[in-house]
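Visitor: Got a structure here, written out as structure tokens. Questions coming.
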Amino acid sequence: MIIDGKKIAAELREELKKKIEELKSSYNSIPGLTVILVGEDAPSKIYVKNKEKFAKEVGMNSEVIRYPENVEEKVLLNKIIELNNDKKVSGILVQLPLPKHIDKRKVIETILPGKDVDGFHPMNVGNLSSGYDSSIPCTPLGCYLLLKKVEKNLSGKHAVMIGRSNLNGKPMTQLLLKENCTVTIAHSKTKDLKTECSRADIIIAAVGRPKLVKGDWIKKGAIVIDVGINKTDTGLVGDVDFDEVSKVAKAVTPVPGGVGPMTIACLLSNTVECFKKVNSK
Ligand code: NAP
């Protein structure tokens, strides 16, 4: 089975569209997402354009604030404080990476945790790992939703998470633990990745190495979620050797068209959740 992330993301956006219409009639206001983009990084510009497009498509307010590469850190921090206090703004996202002269940690910690739609604020990170309500980083949340589409009950499954980044690996591990999976976290110092993977019922690969995970690493019937996006001479490929793995796995996500579309849909979902929390108080 090929997990169609594009289709599942479109369904999620359709649900969000309906939810936003309901919220509009209940509260006479709608969720708003503000994205801050610093500089001219080409992939970031594409991501931001797509975020804006889909936010508008589901019917939320969407604003992009652009700064030049050399913007002073304090200008950015002051803008975030202004947005924190703006009732029309439900979610704030600062597109990463940031230029070197700007302290990423300071920027993330300035965003109000209740508006942190990326789920990167230490308060949200702590809440997620403590099992409390929190914003969940969009890509792991997307992987989680795809997994649940294939298998409702993940309890007792052995999951191998390849990669331990704050963006993907660590939050994904928390989501798997919450579902009562037994989780192995692999990284660049892991001794025998093939053997670790061969024991897994679920493999999530968030590495950034083209086609690292091979068909003979996979237990028959395993579910494989590929987060990787790697540019190669033959086009975009994931961290999983799709042609090989799809012959052995029960289900696998393609690249492109798997996790990628879910990331933006989950960003919109997080924005709606932030709006609901503020308005239901
Ligand atoms: P990252 O911060 O570079 O982390 C990569 C992780 O992989 C690290 O934990 C690293 O281990 C581990 N690693 C590197 N080489 C390895 C190897 N040979 N064997 C096992 N583990 C290895 O990357 P990231 O930000 O998590 O992103 C990972 C991939 O996902 C990238 O391709 C990125 O483009 C993609 N991505 C996709 C989406 C999406 O929407 N689909 C969103 C975000 C990222 P150490 O910790 O030991 O260094």
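Visitor: Hey, fewest Cβ within 10 Å first, where do Arg105, Arg164, Arg199 land in order?
Guide: The fewest-first ordering by Cβ neighbours comes to Arg105, Arg199, Arg164.
Visitor: Continuing with this model, one more query. Give me the number: length gained by fully extending Glu14 to Glu151, i.e. 0.36 nm times residue separation minus the C-alpha to C-alpha distance, one decimal in nm.
Guide: 47.1 nm
Visitor: Angle between the Cα long axis of helix 73-84 and the longest principal axis of the chain, 0 to 90 degrees, nearest 10?
Guide: With rounding to tens, the tilt is 80 degrees.
Visitor: Let me ask you something else. Sequence-distant or interchain residues sharing an amide H contact under 5 Å with Val213, placed H: which?
Guide: Excluding prolines and chain starts, which carry no amide H, the hits are Val240, Asp241.
Visitor: Taking the inverse of the average 1/r across all pairs of different Cα atoms in the chain, what Kirkwood radius in Å do you get?
Guide: This gives a value of 19.5 Å.
Visitor: Which of the pairs Lys24/Lys148; Lys115/Lys148; Lys6/Lys149; Lys191/Lys211; Lys194/Lys250 have their Cα atoms more than 20 Å apart in this structure?
Guide: Beyond 20 Å between Cα atoms: Lys24/Lys148; Lys115/Lys148.
Visitor: Specify the angular offset, from 0 to 90 degrees and rounded to the nearest 10, of the alpha carbon long axis of helix 42-57 from the longest principal axis of the alpha carbons in the chain.
Guide: Roughly 70 degrees between the two axes.
Visitor: Over the chain, what relative contact order in percent results from Cα pairs under 8 Å that are six or more residues apart?
Guide: Relative contact order of the chain: 21 percent.
Visitor: In the Gaussian network model of the chain, springs joining C-alpha atoms below 10 Å, which of Ile225, Ile185, Ile81 carries the largest mean-square fluctuation?
Guide: Ile81
Visitor: A follow-up question, please. In nm, what is the difference between 0.36 nm times the number of residues separating Ile65 and Lys24 and their Cα-Cα distance?
Guide: 12.3 nm
Visitor: Enumerate the amide H contacts of Ile36 below 5 Å, restricted to partners 5 or more residues apart or on another chain; note that Pro and chain-start residues carry no placed amide H.
Guide: The list, which skips near neighbours in sequence, is Ile65, Leu93, Val94, Gln95.
Visitor: So what is the 222 nm mean residue ellipticity for the chain from helices alone, if each DSSP H run of at least 4 adds -39500 (n - 2.57) and you divide by all residues, rounding to the nearest 500 deg cm²/dmol?
Guide: It comes out at -13500 deg cm²/dmol, rounded to the nearest 500.
Visitor: Also, quick follow-up: For a quick size check, give me the Cα extents of region 138-260 along its three principal axes, largest first, whole Å.
Guide: Rounded to whole Å, the extents work out to 40, 30, 29 Å.
Visitor: If you fit an axis through the alpha-carbon atoms of helix 138-150 and take the longest principal axis of the Cα set of the chain, what angle between them do you get, 0 to 90°, nearest 10?
Guide: Here the helix axis deviates by roughly 50 degrees.
Visitor: Additional query: Starting from the amide H of His158, placed 1.01 Å from N in the peptide plane, find each other amide H under 5 Å away whose residue is 5 or more places distant or on another chain.
Guide: Thr182, Asp201, Ile202
Visitor: Under 12 Å Cα to Cα from Lys49, which aspartates and glutamates show up? Leave out anything in the same chain fewer than 8 places away.
Guide: Glu63
Visitor: In the chain, which Cys residues have no partner Cys with a Cβ closer than 4.7 Å?
Guide: Those would be Cys143, Cys181, Cys197, Cys274, since no other cysteine Cβ in the chain comes under 4.7 Å of theirs.
Visitor: Sticking with this structure for a sec: Need one number: nm distance between label points at Asn230 and Lys189, each 7 Å from Cα along Cα→Cβ, rounded to one decimal.
Guide: So the two model labels end up 2.3 nm from each other.
Visitor: Give the calculated FRET efficiency between Lys220 and Thr182 to the nearest 0.05, with a Förster radius of 30 Å applied to their Cβ-Cβ distance.
Guide: The value I calculate is 0.95.
Visitor: Quick check on the exposure proxy: order Cys143, Cys274 from fewest to most C-beta atoms within 10 angstrom.
Guide: Lowest to highest Cβ neighbour count: Cys274, Cys143.
Values quoted throughout were computed directly from the atomic coordinates according to the rules given, and no laboratory measurement underlies them. Everything numeric in this text was worked out from a predicted model, so none of it was measured. All Cβ positions, even for glycine, are placed from backbone atoms using ideal geometry, and neighbour counts span all protein chains on display.
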